[in-house]
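Notes follow the structure.
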Ligand code: ADP
Ligand code: ADP
């Protein structure tokens, strides 16, 4: 049974068909790339899966059951986490304070407990995040790792990342890929978008290529090269 199955999902903005009858499946521990040019519909599909955008038509199945995803809160309850292209961290607060702030909406966590868990997650996945640093002192790659840790605080079964390599240097990209492989090896599925197949070929075992809102190809990028 698939962890996530998207069936015939469509979404129109005005007269722009952002997603046209999209089908997509993701298994446990699978690393799946959504490839396509700017405007192809990648962000829209990821926001639908995360419950930020409501599709006009289609169905989403989570572990075999049809679900009605209509809020990020509901998505998080199922175990879906998302890292956006534009980060949403408070600059003057530390890593620990930022994560504690996100958590208090669901349950009470004291700062020392948050601090401990950051260190554990950081070690487990090679995230090398220092919990005491204020966000404004962090480089962009470190901020992204804080966002990933924030997702991992919840039981994350599907981690979605919107264009995660766009802001990173080649060395930081390699580091991110190593982290994502460790997360996936633990059974978490990963869905991320990119417009450069070459850059992500070594990471993903599955790829779905979108063009003008529709799926034009599905493939295993490590065995076959998708048509451009
Ligand atoms: P990608 O992530 O591949 O760049 P998007 O899903 O962001 O693609 O966008 C797909 C299409 O939908 C684009 O033509 C974009 O301009 C349009 N679009 C996305 N979000 C909105 C919105 N909130 N309102 C109107 N049009 C939108
Ligand atoms: P991202 O790819 O991280 O969603 P974008 O810059 O593509 O960032 O879009 C920023 C916001 O603007 C998104 O919420 C998106 O849905 C919206 N948007 C994108 N294209 C359009 C558009 N043509 N008209 C109105 N809103 C849009």
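The values are calculated or read from the model by the stated rules, or taken from the named source; none is laboratory data. These numbers were taken from a predicted model, which means no experiment stands behind them. So basically every Cβ, Gly included, is an ideal-geometry build from the backbone, and we count neighbours across all protein chains shown.
Couple of notes before you dig in:
- A single member of 38, 15, 70 is surrounded by fewer than 16 Cβ atoms within 10 Å (Cβ to Cβ), more than 25 Å from residue 149 (Cα to Cα) and at pLDDT below 95, and it is 15.
- For region 51-166, the helices (runs of 4 or more DSSP H) that sit wholly inside it and include 1 or more residues that are more than 16 Å from the chain's Cα centre (by Cα) are 95-103, 111-125, 140-153.
- Qualifying residues in region 148-167 (those that are closer than 21 Å to residue 98 by Cβ and surrounded by fewer than 18 Cβ atoms within 10 Å (Cβ to Cβ)) - the one farthest from ligand 1 (Cβ to nearest atom): 155
- For region 23-35, the set of residues classified as more than 16 Å from ligand 2 (Cβ to nearest atom) and closer than 17 Å to residue 209 by Cα consists of 23, 24, 25, 26, 30, 31, 32, listed by residue number.
- Candidates in region 197-223 are the residues that are assigned to a loop (DSSP other than H, G, I, E, B), touching a strand residue (DSSP E or B) at 6+ places or on another chain (Cβ under 8 Å) and at pLDDT below 95; of these, the one that is surrounded by the fewest Cβ atoms within 10 Å (Cβ to Cβ) is 220.
- Search result, residues across region 182-196 that are surrounded by fewer than 20 Cβ atoms within 10 Å (Cβ to Cβ) and at pLDDT 95 or above: 182, 185, 186, 187
- Filtering region 203-224 to residues that are in contact with a helix residue (DSSP H, G or I) (Cβ under 7 Å, 6 or more places away or on another chain) and over 26 Å from residue 179 (Cβ atoms) leaves nothing.
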